[in-house]
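Worksheet: the structure to be examined is printed underneath.
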Amino acid sequence: MGHDSDADINESMSFFEAALTAPKVELARPTVRKILVAVDQSNQDDTVCALATVLTKRWNASVHLVHAYPGPTDEAKDRYLKERLAGLEGDGVKATSSRGEGETSADQIMAVRRAEGAELILLGSPYLDDLRVLGQDSIGSTLDLLMARAKVPLLIVREPKENVARCLDDILLPITIHTEENVKAASWGLACVADKGTIRVLAIADAEALKTAQHLLGTYLDAHALEPEVIEELEAKENAGLNAALQKAAAEAGLACKVKVRSGDVAAIVGEVGNDHDCLVVSGCPQNPESAAYQRVQGFIRGSSNPILVV
């Protein structure tokens, strides 16, 4: 599996040397003025609303609440929406609510998102038995459609949490050399992390890194015969610009920034590292359901016990 390193980036000579020659990376933190919160009367709704409360107060933002469901108006569901709205307002959150139009719940959520101009969608994912019924290749039709079509990031709550604010003390940022959205994910991680919190960069070299190694090293070398440490060094060099930018931004904000380099299956490693403590996993994801990166993020969602921000 390779070796682990929890040293700060500026204490790691390999990352420091790589950063000296890496292209400069600019991290532009997003501005969030409104969060669209989708409730569905599931076990995750308490955590979804608690997370919305923490983030809106941090960002000085507002919430628009929606309970999306197909078919005619359901008085019980509309009453539940009003109760959730009152709860948010009681917690000091500036909140409104409405129901969108569309044949599916995902269509309704996206319609409301466009109408309200929200920059982030916060919702729950299928949980426990519901997730097992879906099989190995789905995270539920609503979430599948939103991942493929929504024009803003999704903050997904997988399991209920008693203290959701604690998840924001530790941001886990899995990055690979073949995910173009790494920089955007890092920017969102910086926006979400709590004051004096920690950004943990989890640089992972998997099978696709071998293909990159083969290209860079030449066809006369067998990339599959390389030692894990060699592949991990390649991963560090490819992400050196991003790591340097994160280290600088973290230092300026009074945050800790640490790096762990691993090789192996991405989803398995993210689950192993992320599920041993409360954190927020932030991952870039192309909106192409056929891509390996998209399928990896679906694996994160299925296997994570922590909230996941998909950008």
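The values are calculated or read from the model by the stated rules, or taken from the named source; none is laboratory data. Please read these numbers as outputs of a predicted model, since none were measured by experiment. As a convention, Cβ positions derive from the backbone with ideal geometry for all residues, glycine included, and neighbour counts pool all protein chains shown.
Structure values in brief
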item: Residue that is nearest to I175 (Cα to Cα) [pool: residues in region 278-300 that are of a type outside the set (G, A, S) and assigned to a strand (DSSP E or B)]; result: V282
item: Yes/no for S105 being modelled with pLDDT of 95 or more and of a type in the set (S, T, N, Q); result: no
item: Which listed residue is in a strand (DSSP E or B), at pLDDT 95 or above and of a type outside the set (S, T, N, Q), from V54, V37, V48; result: V37
item: The lone exception for L217 - which of (1) within 12 Å of the chain's Cα centre (by Cα); (2) modelled with pLDDT under 95 it fails; result: (1)
item: Close pairs (7 angstrom Cβ cut-off, 6 or more residues apart or separate chains): touching a residue at least 60 places away in the same chain (Cβ under 8 Å) in region 29-50, among the aromatic types (F, W, Y) and not in a helix (DSSP H, G or I) anywhere; result: S42/Y127; N43/Y127; Q44/Y127
item: Subset of region 43-77 [within 13 Å of V32 (Cα to Cα) and touching a Ser or Thr at 6+ places or on another chain (Cβ under 7 Å)]; result: T56, S62, V63, H64
item: Exclusive hit being at pLDDT 85 or above and either within 14 Å of the chain's Cα centre (by Cα) or outside any strand (DSSP E or B) (or both), set G271, G241; result: G271
item: Residues located in region 111-152, provided they are modelled with pLDDT of 95 or more and touching a Pro at 6+ places or on another chain (Cβ under 8 Å); result: E119, L120, I121
item: Pairs, first farther than 23 Å from S62 by Cβ in region 97-108, second crowded, with 17+ Cβ neighbours inside 10 Å and hydroxyl-bearing (S, T, Y), C-beta under 9 Å, six or more apart; result: T104/T142
item: Positions within region 248-267 being touching a residue at least 12 places away in the same chain (Cβ under 8 Å) and in a helix (DSSP H, G or I), in sequence order; result: A249, A250, A253, V266, A267
item: In region 82-111, the residues that are among the charged types (D, E, K, R) and not in a helix (DSSP H, G or I); result: D91, K94, R99, E101, E103
